[in-house]
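The values are calculated or read from the model by the stated rules, or taken from the named source; none is laboratory data. From a predicted model like this one, the values you see are computed outputs, not experimental measurements. No Cβ is skipped: glycine too gets one built from the backbone with ideal geometry, and neighbour counts run over all protein chains shown.
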Amino acid sequence: MEQSNQTGNSLLAVDVGEVHTRAVLFDVVEGRYRFLAIGTAKTTAQAPYNHIGEGINRAILRLEEITGRELVGGDDRLILPSNLDGSGIDMFVGSISAGPPLRVIAVGLLDDISLASAKRLVSTTYAQVVETLGLNDRKKPEERLDTILSLRPDLIVIAGGTENGATNSVIRLVESVGLACSLMPAEQRPEVLFSGNQMLKSEVESRLGTLTKSNFAPNVRPGLEVEQIAPAQVMIAEILRSIRASRMPGVGELNEWSGMQLIPTATAFGRIIQFLSKVYDPTKGVLGIDVGASATTVAAAYDGEVSLAVFPEYGLGYGVTGLLKDSSIDDFLRWIPMEVGEDYIRDYIFNKQIYPSSLPVSKEDLAIEQALARQAIRKAISAAQAGFPKGIRRSGRGMLPWFEPIVATGSVLTQAPSPGNSLLSLLDAVQPTSITTMVLDQSNLAAPLGAAAAINPTLSVQVLESSAFLSLATVITPISNTRPGTPILRLRVTYASGDETSFDIKQGTLEALPIPMGEAARLRLQPLHKSDVGMGGPGRGGSVRVVGGVLGVVIDARGRPVLLPRDLTRRQDLYKKWLWTLGG
Amino acid sequence: MLAPVTHVLPMTRIRRHRLLPVTGRVLVRKGQTLDPLDVVAETMLEPKHILLDVARGLGLRIAETDQYIERQVGESISEGDVLAGPVGWGKRIVRAPCSGKIILAGRGKILIEEEKEPYQLFAGLPGEVVSLMPGRGAVIESTGALAQGVWGNGKINSGQLRVLIKKVEGILTVDQLDIDLRETVVFAGYCGEEQILQTAAELPLRGLILSSMASSLIPFAEDLSLPVVILEGFGLLPVNSSAFNLLITSDRREITLNAEKMDRYASQRPEVFISLPVNQMVHEPRDGTLFSPGQKVRVIRAPYQSQIGTLVTLKPGLEVLPNGIKATSAEIELENRIKVKLPLANLEVLE
């Protein structure tokens, strides 16, 4: 393992996930920051340890074993800064996703205005709206009171009133919150985040400030047609950190290690996607997907603006049964190319909830696991689109907007048996359009890099430019309404060597061009039957330079949405063929 | 690697924190001996309030009303009690619409908390109160046999254990539940039919310990008033041989089922407990350990789910599983002497 040149640039990032705690070491090698190694241990937020410190210590210990570098001193403290003998580190950052999602009551005026924005704000972190209280909910004041007292939320988010808009109706709702707080023991009162009409800030402070910890953020809905989530998003992430620190042993210490800058993993992930969007084609966005145990996170960033959506209900850990609430068993079965009964899948999901860190051993169980991931990603992307900017480019209604690249992470993808297996899961789940690059964060570095970006953006830039992320393939998606088997795209490939080849792509197929990893080629795309490859509309083609990923260039002509045959034998044949196409 | 531990022990000492989710009244004292269904503490989890518009009731302006309110904040009231008035020639009054307590009074309104049955927190096991947590509950200590489960329906009860399972792969059928089992706790195999649970409730049984259950029955099981503890998981699964042997040898003993829901953040899991007297020092079992050779382990998912074995060796590096995934693994010798290689993530230590 290459060692630091001891210029004082090493950074240790710790990410405490629901199932795993990861300690990641970055340092300067030959003048540039590099990812050196990762140590992983089980997270110990739960019984019997009930303290995240044990998991962190073990992850760092593992990292020490791998690198041969002493990171923790005899006094059980991090060696900081590093010593001339190479021991220790110079910077530390932390992120966390472990812990049950915050229970939030969203309070606002109108369902589709301020309450919608309040809910969107809540969805930017590990939280779930357990109830909404609004002007039109027909609840009497005492019913609002009982709702708050019975649900015992961790946080109440109050929105409502555009700037210089409604005041009295907002104050009435604030009074209900205040009354409920006054009837609770002080130590059990929820925190409050007021993100409504800013004219009311001092009045809200005077009514709630003495009762509970009241936080204030700019109005999430300053105008009827204007939504402004980002500033309040920073505040809700801070509230999550403070609630975690007060309730989950060890989080306070991790926050101190992090210079009081511990951030939610999803926020860190969003930050790195936001950063990438400044680097890539501004006419397309960058999409990030983190399918984890605690939540599935979707981050879509356009030219430096990120839309973050966190879905604990679609996490693959203790919350995995949430997937059953708005999915049918058929939604999972369609992705499984094996004979599996409905009861088996349902039982599988409930067993996974009991043992979320357990691993599938058989091919059938792996297929179910990946089917859960596909469905979680599909549901999350579908829900997250409400927060995407208006007017973004897409190939058609109901289709995913254009993104370049699409970055994915999460154990279910990174631990897949082969890159082809990961890519097929992603293509099924994300169903990209236009021309994009599918990138796999194979070492789960996105969140650590996002956390690091706050104190050392150069490190994040240089590590991203290295080969830390794996480019799976450039994916071209011709979209057409023609019958399967109809040629929909004529391709002429000019390889770097100057060799040329041409062929037609048929509707319903998945094809791969063996363009070696990192090698460029020029593609001449000629859509047939008015298919749309994202080059200006149906039937419009052109020339494009592409770079091969580990699986070259893939043409996904299976249609949007991907419709799989219900007949198991045909489905099996297709999957076998597609996996073979993607290298097995 | 850290190893999760499940306890199946013929004799142990356990301490359980029995705590209300919110502040309430603790009803036990230190040193008190408790039965499983004794109430440790109580509180109002889902209060119901009524806001009376007294000004309107008396036909007065808000500013004039408060002087006519006759009852004080904190006072208990009964349904029909006069709360305010009389006012005017018609002697208008406002009566209490329900029994309860006055929470707030003023500005022309009275807020009443309606009297309701409080939520009661049961001891969940027989034992002695060794310490109190003011306003929240108590720590109870006991000695006896313990078997931990993986799912519970949130109920608690105790009764005489009756064993209906003959081998680890048993399947419970409706016709096994005859009238002789009334008011007993039944230990059986897999339950796959709603009718079985229905019959268990109608007999009634005092509790049900199952090796496994169809997950489709969860909503029905949660609605039952009798506790249901599942030892292995969902789907047709055998019971592990340690729990099987412990429970079949306890037939007709008094047994307690605390079918509380699994919540690892709150250190809660469902368990069955048989209180036994001890004449020697018994220690509390450890809850966490590291995987190491020689340990007794249980397989927690397919293949070999629910089987018990001995950890023979920890494999260095990562092993490739049959589906191609790479994972830290161990060689396990199962009870039938077959040696298998399994990921550590699919094992837990049984002790």
Exercise. Could you tell me whether A:Leu449 is outside any helix (DSSP H, G or I), in contact (Cβ under 8 Å) with a residue 60 or more places away in the chain and crowded, with 17+ Cβ neighbours inside 10 Å?
Key: no
Quiz item: A:Gln370 passes all but one of (1) within 14 Å of the chain's Cα centre (by Cα); (2) within 11 Å of another protein chain (Cβ to nearest Cβ); (3) of a type outside the set (A, V, I, L, M); which number fails?
Solution: (1)
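Which of the residues belonging to the range B:94-125 are aliphatic (A, V, I, L, M), assigned to a strand (DSSP E or B) and farther than 12 Å from B:Leu52 by Cα?
Our first condition is that a residue be aliphatic (A, V, I, L, M); within the range B:94-125, this holds for B:94, B:96, B:102-105, B:110-112, B:121, B:123, B:125.
Cutting the leftovers down to assigned to a strand (DSSP E or B) gives us B:94, B:102-105, B:110-112, B:121.
Matches in the range B:94-125: B:Leu121 only.
How do the strands (runs of 3 or more DSSP E) wholly within the range B:283-351 filter down when requiring 2 or more residues that are buried (at least 16 other Cβ atoms within 10 Å of the Cβ): which remain?
Passing ranges, in order: B:296-299, B:308-314, B:329-334, B:339-343, B:347-350.
Just checking, which of B:Leu177, B:Leu217 is over 25 Å from B:Leu125 (Cβ atoms), crowded, with 21+ Cβ neighbours inside 10 Å and free of Cβ contacts under 8 Å to residues at least 60 places away in the same chain? It would help to see each step written out before you state the result.
Values: B:Leu217 fails: crowded, with 21+ Cβ neighbours inside 10 Å.
The conditions single out B:Leu177.
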Quiz prompt | A:Pro360 free of Cβ contacts under 8 Å to residues at least 40 places away in the same chain, under 14 Å from B:Arg301 (Cβ atoms) and within 13 Å of chain B (Cβ to nearest Cβ) | solution = yes
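So which strands (runs of 3 or more DSSP E) are wholly in the range A:495-584 and hold at least 1 residues that are of a type in the set (Gly, Ala, Ser), buried (at least 18 other Cβ atoms within 10 Å of the Cβ) and assigned by TED's automatic domain parsing to the domain that holds A:Pro337? Let's see the steps before the verdict.
Numbers: elements: A:500-506, A:509-513, A:520-527, A:542-547, A:553-557.
Output list reads A:509-513, A:520-527, A:553-557.
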Quiz item: Regarding A:Ser418, is this residue in contact (Cβ under 8 Å) with a residue 24 or more places away in the chain, surrounded by fewer than 18 Cβ atoms within 10 Å (Cβ to Cβ) and within 14 Å of chain B (Cβ to nearest Cβ)?
Solution: yes
Quiz item: Quick one: in the range B:249-278, which of the residues that are under 15 Å from B:Pro126 (Cβ atoms) and β-branched (Val, Ile, Thr) is nearest to the other protein chains (Cβ to nearest Cβ)?
Solution: B:Val272
Exercise. Output the number of the condition that A:Tyr49 fails; it satisfies all remaining conditions of (1) of a type in the set (Ser, Thr, Tyr); (2) within 22 Å of B:Leu290 (Cα to Cα); (3) in contact with a helix residue (DSSP H, G or I) (Cβ under 6 Å, 6 or more places away or on another chain).
Key: (3)
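Quick grid of which residues meet (1) within 14 Å of chain B (Cβ to nearest Cβ); (2) at pLDDT 95 or above:
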site	(1), (2)
A:Val251	yes, yes
A:Ala268	no, yes
A:Ile273	no, yes
A:Val286	no, yes
A:Ala299	no, yes
A:Glu305	no, no
A:Tyr314	no, yes
Quiz item: Is it the case that some residue within the range A:41-61 is within 14 Å of chain B (Cβ to nearest Cβ), part of a strand (DSSP E or B) and under 30 Å from the mean Cα position of the chain (by Cα)?
Solution: yes
Exercise. For B:Phe122, work out the one condition from (1) within 14 Å of another protein chain (Cβ to nearest Cβ); (2) under 15 Å from the mean Cα position of the chain (by Cα) it doesn't fulfil.
Key: (1)
Self-check item: Candidates A:Pro153, A:Pro101, filtered to the one that is within 14 Å of chain B (Cβ to nearest Cβ), without any contact (Cβ under 8 Å) to a residue 60 or more places away in the chain and within 27 Å of A:Ser246 (Cβ to Cβ)
Solution: A:Pro153
Quiz prompt | Members of the range B:192-232 that are part of a strand (DSSP E or B) and more than 24 Å from B:Gln307 (Cα to Cα) | solution = B:Gly207
Quiz item: Taking the stated definitions as given, is A:Tyr280 modelled with pLDDT under 95, more than 15 Å from the chain's Cα centre (by Cα), within 22 Å of A:Val122 (Cα to Cα) and outside the structural domain of A:His20 (by TED's automatic domain parsing)?
Solution: no
Quiz item: Only one of these conditions is not met by A:Ala245: (1) within 16 Å of A:Tyr126 (Cα to Cα); (2) part of a loop (DSSP other than H, G, I, E, B). Which number is it?
Solution: (2)
Self-check item: Residue check, B:Leu111 touching a strand residue (DSSP E or B) at 6+ places or on another chain (Cβ under 7 Å), within 14 Å of chain A (Cβ to nearest Cβ), modelled with pLDDT of 95 or more and surrounded by fewer than 22 Cβ atoms within 10 Å (Cβ to Cβ)
Solution: yes
Quiz prompt | Residues located in the range A:108-150, provided they are part of a loop (DSSP other than H, G, I, E, B) and within 14 Å of chain B (Cβ to nearest Cβ) | solution = A:Tyr126, A:Lys139, A:Lys140
